[in-house]
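Worksheet: one structure, shown below.
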Amino acid sequence: MIRIVIAEDQRMLLGALGSLLSLEDDMEVVGQAANGEEAVALVQTLQPDVCIMDIEMPLKTGLDAAEELKDCDCKVIILTTFARTGYFQRAIKAKVSGYLLKDSPSEELASSIRSIMAGRRVYAPELMDDFYSEENPLTEREKDVLELVADGKNTKQIAEELQIKNGTVRNYISTIFDKLEVKNRIEAISQSKEKGWFK
């Protein structure tokens with residue numbers, strides 16, 4: 001019997017997922033959590049085989065919880081509406097066994113759980129395409145400049161740290177905006193975070 005914990009902050013969806021998986025002959029839902037913090041506690045207490053987790057939850061996100069559970073025996077499956085490359089990259093680093101989208105057919109979830117229990121990893125195909133096609137267009141130097149911008153440093157501080165002129169920093173920043181097709185520093189930072197491009 002595959003023992004499952006589900007973490008989802010939308011109560012109706014949590015109940016529906018629980019009922020759906022309980023219909024499977026080889027699966028048993030042993031715990032339900034409304035946020036990432038509860039999910040970590042339930043996994044540590046109940047030692048299930050699988051934890052299915054939403055990403056955007058209160059107290060602790062599904063990705064934070066997955067990172068915390070990275071070294072335990074429980075296999076983590078992210079089930080989310082968000083097909084964002086940055087989220088997916090974080091999930092890969094947290095060694096999740098599956099990353100599925102909520103608009104997938106319901107029978108796909110049960111078969112994915114069985115595949116994962118057999119030792120395979122299951123990732124939504126549309127994410128794999130984005131993951132490999134989204135290359136960071138910035139050079140190493142431009143990445144360094146943007147990292148320092150994200151750290152809240154101004155032009156003068158960046159110039160001092162990288163030992164270049166203020167004008168050179170401004171040129172880098174305008175090139176970064178052009179390459180990322182953004183208008184300002186905030187957009188450049190948030191786009192790079194979303195795509196998982198920061199170190």
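The values are calculated or read from the model by the stated rules, or taken from the named source; none is laboratory data. Just so you know, these numbers come straight off a predicted model, no measurement behind them. Positions of Cβ are backbone-derived with ideal geometry, glycine not excepted, and every protein chain shown enters the neighbour counts. Surface areas here come from the heavy atoms of the whole protein model, side chains and all, with no ligands, DNA or RNA. Shrake-Rupley method; radii C 1.70, N 1.55, O 1.52, S 1.80 Å.
So what is the relative contact order for the stretch 140-195, in percent, with contacts set as C-alpha pairs under 8 Å and at least six apart?
Working: 32 pairs, mean separation 19.2, N = 56.
Reported relative contact order: 34 percent.
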Ignoring ligands, DNA and RNA, what percent of the accessible area of the chain is carbon or sulfur (1.4 Å)?
48 percent
Any idea how far apart residue 191 and residue 154 come out in nm if each label point goes 7 Å out from Cα toward Cβ?
2.6 nm
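What percent do you get for the relative contact order of the chain when only Cα pairs under 8 Å and 6+ apart count? Spell out each step's value before the answer.
Numbers: 291 pairs, mean separation 30.2, N = 199.
Relative contact order, the chain: 15 percent.
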The long-range amide H neighbours of residue 99, using H built 1.01 Å from N in the peptide plane and a cut-off of under 5 Å, are 78, 122, 123, 124
What dipole magnitude, in Debye to the nearest 20, does the chain give about its Cα centre under +1 on Lys/Arg Cβ and -1 on Asp/Glu Cβ?
800 debye
Taking Cα atoms, the helix 11-22 axis meets the longest principal axis of the chain at an angle in degrees (rounded to 10) of 50 degrees
Once phi is turned into θ = phi - 60°, what whole-Hz ³J(HN,Hα) does the Karplus curve with 6.51, -1.76 and 1.60 give for every residue of the stretch 182-197, x standing for Gly and Pro?
10, 9, 8, 4, 4, 5, 4, 5, 5, 5, 5, 5, 4, 8, x, 8
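Under the Kirkwood approximation applied to all pairs of distinct alpha-carbon atoms, what is the hydrodynamic radius of the stretch 82-199 in Å?
Working: mean 1/r = 0.0610 Å⁻¹.
This gives a value of 16.4 Å.
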Per 0.36 nm of contour for each residue apart, how much would the distance between residue 111 and residue 174 grow if the chain were fully extended, relative to their Cα-Cα spacing?
17.8 nm
For the stretch 98-104, just list the computed ³J(HN,Hα) in residue order, Karplus coefficients 6.51, -1.76 and 1.60, θ = phi - 60°, integers in Hz, with x standing in for Gly and Pro.
x, 9, 10, 9, 5, 8, 6
How large, in Å, is the chain by the Kirkwood hydrodynamic radius built from its alpha-carbon pairs?
18.6 Å
Name the lysines eligible as straight-distance cross-link partners of residue 153: C-alpha to C-alpha under 27 Å, and not fewer than 8 places from it in the same chain.
143, 165, 179, 183, 193, 195, 199
For residue 51, the residues 5 or more places away or on another chain with a placed amide H closer than 5 Å to its own amide H are 5, 75, 76, 77
Using only the Cα atoms of the stretch 140-195, each taken as one equal point scatterer with no solvent, compute I(q) by the Debye sum, divide by I(0), and report log10 of the ratio at q = 0.22, 0.24, 0.30 Å⁻¹.
-0.77, -0.91, -1.35
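Round to the nearest 0.05 the FRET efficiency obtained for residue 163 and residue 95 when R0 = 30 Å and r is the Cβ-Cβ distance. Please list the in-between numbers first.
Values: r = 38 Å, r/R0 = 1.28.
Once rounded, the FRET efficiency stands at 0.20.
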